[in-house]
Amino acid sequence: MDWDRVNVWTNTFYTLIHSMEIAKNANFAELTAVNGNIISAGQWINPECSFKSCLLDHPFGFKEITFRRDPNKHFLAIAYQIVKMLVQDLTVIMDEMMAESLAAHGCRPLNFPQQKIERLSKFIDKKKFLWACNGCLELVAVRNVLTHANGRWNEQSVNLVKAFVDPPPVAGISLMIGVPMLFRYRKAMRTFLNETMI
């Protein structure tokens with residue numbers, strides 16, 4: 001199994017947190033430099049698109065880009081969005097790797113991450129590693145809440161975790177998770193996948 005996906009995610013995670021902390025401590029430095037920074041970032045990945053996108057004939061903008069919202073005043077919203085994106089990406093990586101693990105076990109493909117977790121859980125020592133299985137289910141539930149339910153627990157996501165979260169979340173309540181939870185979800189995912197590998 002190719003773990004480089006997780007290593008790249010981890011490096012991205014660390015870099016974003018490191019950069020955000022530096023920026024916060026410097027009050028995001030010269031906010032007027034954002035346009036030049038975006039132009040510079042346009043050279044990071046070359047070519048900018050590896051196929052003949054229908055949008056390549058359209059410039060990405062003529063006006064100078066400025067912050068519409070001061071990141072100093074909106075730091076919490078930015079931090080929450082970063083956590084949300086990292087949760088989404090980690091879940092996609094886990095889903096891909098679980099599909100590969102299932103294929104290695106000769107199991108038929110399954111559509112949803114929770115189905116894959118449930119099937120792969122048959123291959124782990126539940127006395128030792130049930131916590132990792134539950135952590136992966138929780139990651140899927142959290143991702144679903146953040147992606148599909150406007151950040152509020154719904155019945156479907158509550159049902160994914162109610163067997164092992166005590167007390168379970170209440171449908172309609174806002175979900176908040178911080179950066180430390182990303183470390184915990186990564187640990188659960190890595191442990192679960194390691195234990196289900198052939």
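Only the coordinates and a few stated rules stand behind these numbers; no lab work does. Being a predicted model, the structure only gives us computed values, none of them experimental. Heads up, the Cβs are rebuilt from the backbone with ideal geometry, glycines too, and the neighbour counts pull from every protein chain shown.
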For Kirkwood radius over Cα pairs in Å, the listed values are (1) 19.3; (2) 20.2; (3) 17.3; which was obtained by calculation from the structure presented? (1)
Which stretch or stretches of region 166-198 have amide N atoms under 11 Å from the point lying 7 Å from His105's Cα along the Cα→Cβ direction? 193, 195-198
Once each part is reduced to its C-alpha centroid, what is the distance from region 132-162 to region 25-51 in angstrom? 34
In whole Hz, with x marking every Gly and Pro, tabulate ³J(HN,Hα) for region 153-169 from phi via Karplus 6.51 cos²θ - 1.76 cosθ + 1.60, θ = phi - 60°. 4, 10, 4, 4, 6, 4, 4, 5, 10, 5, 6, 9, 9, 10, x, x, x
At R0 = 25 Å the Cβ-Cβ FRET efficiency linking Val170 and His148, nearest 0.05, sits at 0.90
Would you mind working out the magnitude of the charge dipole of region 26-89 relative to its Cα centre, with +1 at each Lys and Arg C-beta and -1 at each Asp and Glu C-beta, to the nearest 20 Debye? 220
Net length gained if the chain between Thr10 and Asn37 were fully extended (0.36 nm per residue, minus Cα distance): 7.3 nm
With the cut-off at 26 Å, tell me which of the pairs Lys84/Lys122; Lys162/Lys187; Lys84/Lys116; Lys52/Lys84; Lys84/Lys127; Lys127/Lys187 have Cα atoms farther apart than that. Lys84/Lys122; Lys52/Lys84; Lys84/Lys127
List every DSSP H helix in the chain whose Cα atoms extend 15 Å or more along the helix's own long axis and whose mean Kyte-Doolittle hydropathy is at least 1.0. 75-104
Helix-only mean residue ellipticity at 222 nm, the chain, DSSP H runs n ≥ 4 weighted -39,500 (n - 2.57), per residue, nearest 500. What is it? -19500 deg cm²/dmol
Computed FRET value (nearest 0.05) for Ile45 with Gln81, which takes r as the C-beta separation and R₀ as 22 Å: 0.55
Residues of region 75-114 with the amide nitrogen closer than 11 Å to a label point 7 Å from the Cα of Lys24, along Cα-to-Cβ, please. 75-80
Förster-model FRET efficiency, 41 Å R0, Leu56 and Asn159, C-beta, rounded to 0.05: 0.40
